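Structure record follows, encoded as structure tokens.
Just so you know, all these numbers are worked out from the coordinates, no wet-lab data involved. The shown structure was predicted, so the numbers you read here are calculated from the model rather than taken from an experiment. Using ideal geometry, Cβ is built from the backbone for each residue, glycine included, and neighbour counts are taken over all protein chains shown.
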């Protein structure tokens, strides 16, 4: 079973650093991992629409409408990280949605159907290639603090680039391509 400690230990292994048994243990490596793990995980989840992290929701309108402009506000789910098109084959460019604070403001009516990238905290639900990319990113983030080596940091950057490329390639195979928006040149002629 995958765990946060396993992901952190993989990052420490990439740096040639001593492994940990817990994120709360009293060691430099554990403290560094504890500070960086959640921030780096969420940044990596938000960076790409990972198929394991995509969820759907129907949002109810807020009882408080926006002060001006749009008619409705829809509070975002608590685990929201990134908005995706409601239909993978549709482009968001033709929606009037705007994210303001923790709300989507729009003239659309309730319920608002959304697809989004969620904050996934259980490593067992993460794709294995994502976990490897996450450990590579953690290694890159922790490298300066734990090794003070420019060469190791350069190696960690290369490792991260390769890991993220592989993870995205694997994820791209599972997803259909989004349809690009129609060009104005094409729509004017119709």
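Computing Kirkwood radius over Cα pairs in Å directly from the structure and comparing it against [x] 16.8; [y] 18.9; [z] 17.8 singles out [y].
Each principal axis of the Cα atoms in the range 53-118 has its own extent, and those three values, largest first, are 32, 26, 18 angstrom. Take every Cα pair under 8 Å in the range 53-118 that's 6+ residues apart, average their separations, divide by the length, and report that relative contact order as a whole percent. Relative CO of the range 53-118 lands at 50 percent.
From least to most packed, judged by other beta carbons within 10 angstrom and beginning with the fewest, 95, 134, 112 follow the order 95, 112, 134.
Just subtract the alpha-carbon distance of residue 57 and residue 113 from 0.36 nm times their residue separation and send over the number in nm, one decimal.
Details: separation 56, 0.36 × 56 = 20.16 nm, distance 0.59 nm.
Computed gain between residue 57 and residue 113 is 19.6 nm.
Measuring nothing but how far apart in sequence close Cα pairs (under 8 Å, 6+ apart) lie, relative to its length, the chain scores a relative contact order of 27 percent. Label separation (residue 6 vs residue 38): 2.2 nm, computed from points 7 Å beyond Cα along the C-beta direction.
Spin-label model, residue 98 to residue 27: label points 7 Å out along the Cα-to-beta-carbon direction sit 5.0 nm apart. On the principal axes of its alpha carbon atoms, the range 76-150 extends 54, 25, 23 Å, with the longest extent given first.
FRET efficiency for the residue 71 to residue 147 pair, using the beta carbon distance and R₀ = 41 Å, is estimated at 0.15.
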